[in-house]
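Working notes, beginning with the structure itself.
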């Protein structure tokens, strides 16, 4: 395994695992405040899809060279990720957790309804391209589109009462 490829794949794994920890902690803090989860049935499927995506990156990309142009694009996405996470703060989670009250409308949420989903779409394409796995980008873009079709509808309906009119 090339050092750059190892570091890239390790970053993705560590990042995703740390996000699960943060999401679990945030969810645990939101629920006692009256928040509730919607759409829980699709969550294990989403986790399995992302796990399969990472597994494909590792299994098929472990010995591939890193493309610096795509790596630069991936780095830009990570800056956007920090902006999104910072904007949502303690309300960020991987589950659809509804907390009554006004929705977050700062940061990228001021401009887009679902910036985190936009970011994930881009990452599912860009990360495989960093290590030359275009076919992984295609397959998981299709799978992710199906997942988002379900997830965004559930989230949109759950948050509808809290949208400014």
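In cubic angstrom, how much convex hull volume per residue do the alpha carbon atoms of the chain span?
106
Could you give the length gained by full extension between residue 6 and residue 118, i.e. 0.36 nm per residue of separation minus their alpha carbon distance, to one decimal place?
37.7 nm
Would you calculate, for the chain, the mean residue ellipticity at 222 nm contributed by helices, counting each DSSP H stretch of 4 or more residues as -39,500 (n - 2.57) and dividing by all residues, to the nearest 500?
Calculated at 222 nm, the ellipticity per residue is -23500 deg cm²/dmol.
Counting C-alpha atoms alone, how compact is region 91-165: give Rg to one decimal and Dmax as a whole number, in angstrom.
In order Rg, Dmax, the Cα atoms of region 91-165 give 14.6, 45 Å.
Give me the number: length gained by fully extending residue 83 to residue 15, i.e. 0.36 nm times residue separation minus the C-alpha to C-alpha distance, one decimal in nm.
23.0 nm
We did not get these values from a lab; they are worked out from the coordinates using the rules stated. Bear in mind the structure is a predicted one, so any value in this text is a computation, not a measurement.
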